Amino acid sequence: MKVLVTPTSFGPAAKLAPKEKLLAFADEIVYNPQSRPLTEDELIPLLEGCEGYLAGLDFITEKVLSTVKGLRVVSRYGIGCDRVDLEAAKKHGIIVTNTPGANSDAVADLTLGLMLAVARAIPMLDRSTKEGEWKRRTGIELGGKTLGLLGFGMIGKLTARRAAGFGMRIIAYDPYMDEAYAKENDVLSKSLDDVIKESDFVSLHLPLNDATKNIINEETISKMRPGAVVINTSRGGLIDETALYKALDSGHLGGAALDAYEKEPPEAKLPLYQMPNVITTPHTGAHTAEASLNMATMAVDNLIDVLKTGDCPYIVNR
């Protein structure tokens, strides 16, 4: 049994208990030779002879799935499957699984951390102080501000709970809104337009699909409050980065914090990423010890269950 493993936090040096379970199950494990998600052309030779594939944020396209032979399962190390061609996988008889809830607390934590970092310019103040300067900058407080959540799944809900502790007013939009949970937790259910217009902080927690691609664009940004801040710990394709740059450069938006990008890794020298009011992190929302263990446990169990029985609780392309 040959298995490809590509998540960077589950590489050869990782010391996670589920890795021992996978090592005991598989005859051969092939690891990601890069420190980033893999392209389709990079995946194809690595998948040769593999029956199982524990997948990071690689681009798992029709070309990949139609070329490789003998692959039975793609076990996503995380919840998002926007880079997996699910229809192609189904057509070729390849089961795709994910790990819902495994990294939700980690991503919610980072979301609040990024909000605070933008509000108080923490990275800039850290750098300047270490360089021997003594610059202060007047920031803003989270208390009393409106947090607008685009997406109210598990991560959105956990972000709302954390933000409530800072005394924020919380509003949310989701096409499949959990109205009962929102009411019980003092979250106001709003339309997409109202969330965009009323929020001081707009935080993205949506999957990337045809309906959500570039949901933050020139038109929606124009409706945002002057000085509003955009936070993205979800998927880069949710934001038109050119429109975001223009709004920040003009002063209409007050800042942004990005953990996901249209291109990953992003082109760091682009003007957007060099702006002092833009904070960037390397798609690291799920990178905590706890989340890594949770995702590894679920992803390994999913892979082994499917290869042994043809089934598991977390199949996403039935």
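Read-outs throughout are calculated quantities, based only on the coordinates presented, and are distinct from any laboratory measurement. This one's a predicted model, so the numbers in the text were calculated from it and none came from an experiment. With ideal geometry, Cβ positions are generated from the backbone for all residues, glycine too; neighbour counts draw on all protein chains shown.
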## Note on the structure
Computed over the stretch 210-318, the relative contact order (Cα-Cα under 8 Å, seq sep at least six) in percent reads 21
### Query
What angle do you read, to the nearest 10 degrees and between 0 and 90, between the alpha-carbon axis of helix 154-164 and the longest principal axis of the chain?
30
### Task
Among Ala160, Gly49, Leu110, pick out the residue whose Cα is farthest towards the positive end of the charge dipole of the stretch 28-170, where Lys and Arg carry +1 and Asp and Glu carry -1 on C-beta, about the Cα centre.
Ala160
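Sort the following peptides by mean Cβ neighbour count (other Cβ atoms within 10 Å, averaged over residues), highest first: 118-128, 283-293. Write out the running numbers ahead of the final one.
Details: 118-128: 16.4, 283-293: 18.2.
Result, highest mean Cβ count within 10 Å first: 283-293, 118-128.
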### Charge dipole (debye, nearest 20) of the stretch 262-318; +1 at Cβ of Lys and Arg, -1 at Cβ of Asp and Glu
120
## Note on the structure
When the chain is treated as a Gaussian network with springs between alpha carbons less than 10 Å apart, the largest mean-square fluctuation among Leu270, Leu307, Leu110 is found at Leu270
### Query
At Thr39 and Leu192, where each label point lies 7 Å from the Cα along Cα→Cβ, what is the point-to-point distance in nanometres?
3.2
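Below 8 Å, C-alpha to C-alpha, sequence gap of six or more: please give me the relative contact order for the chain in percent.
20
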### Query
By how many degrees, between 0 and 90 and to the nearest 10, does the Cα long axis of helix 104-120 differ from the longest principal axis of the chain?
30
### Message
Semi-axes of the equivalent ellipsoid for the stretch 97-234, please: Cα gyration tensor eigenvalues, times 5, square-rooted, ordered largest first, whole Å.
### Response
27, 17, 16
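Quote the charge dipole size of the chain about the Cα centre in Debye, to the nearest 20; the model charges only the Cβ of Lys and Arg (+1) and of Asp and Glu (-1).
With Lys and Arg at +1 and Asp and Glu at -1, about 580 debye.
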### Only Lys, Arg (+1) and Asp, Glu (-1) charged, at Cβ; the stretch 243-282 dipole about Cα centre in debye
120
### Task
Just tell me which lysines come within less than 19 Å, Cα to Cα, of Lys263; anything on the same chain fewer than 8 places away is out.
Lys213, Lys246
### Query
In degrees from 0 to 90, rounded to the nearest 10, what is the angle of the helix 241-250 Cα long axis to the longest principal axis of the chain?
20
### Query
Projected onto the charge dipole of the chain (+1 at Lys/Arg Cβ, -1 at Asp/Glu Cβ, origin at the Cα centre), which of Val68, Ala260, Gly143 gives the Cα projection farthest towards the positive end?
Gly143
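For the stretch 224-303, which trypsin sites (Lys or Arg not before Pro) are in a loop by DSSP, counting at most 11 other Cβ atoms within 10 Å?
Numbers: sites: Arg235, Lys246, Lys263, Lys269; in loops: Arg235, Lys263, Lys269.
In loop regions of the stretch 224-303 (DSSP not H, G, I, E or B), the sparsely surrounded trypsin sites (Lys or Arg not before Pro) are Lys263, Lys269.
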### Query
For labels at Lys91 and Ala24 in the simple 7 Å Cα→Cβ model, what's the distance in nm?
4.0
### Task
Rank Ser199, Thr212, Asn302 by how far each Cα sits towards the positive end of the charge dipole of the chain (+1 on Lys, Arg Cβ; -1 on Asp, Glu Cβ) and give me just the farthest.
Ser199
### Summary
Only helices counted: for the chain, with every DSSP H run of 4 or more residues adding -39500 (n - 2.57) and the sum spread over all residues, [θ] at 222 nm is -10500 deg cm²/dmol
### Most fluctuating residue given options Lys21, Lys308, Lys213, as computed from a GNM of the chain linking Cα atoms under 10 Å
Lys308
## Note on the structure
With N residues in the chain, Rg(alpha-carbon) / (2.2 N^0.38 Å) equals 1.05
### Query
Using alpha-carbon pairs under 8 Å, 6+ residues apart, how would you state the relative contact order of the stretch 104-280 in percent?
20
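Please quote Rg/Rh for the stretch 9-101 to two decimal places, taking the Kirkwood radius as Rh and restricting both calculations to Cα atoms.
Values: Rg = 12.7 Å, Rh = 13.7 Å.
On the Cα set of the stretch 9-101, Rg over Rh gives 0.93.
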### Query
If each residue's Cβ is checked for other Cβ atoms within 10 Å, how do Thr8, Thr111, Thr220 rank with the fewest at the top?
Thr8, Thr220, Thr111
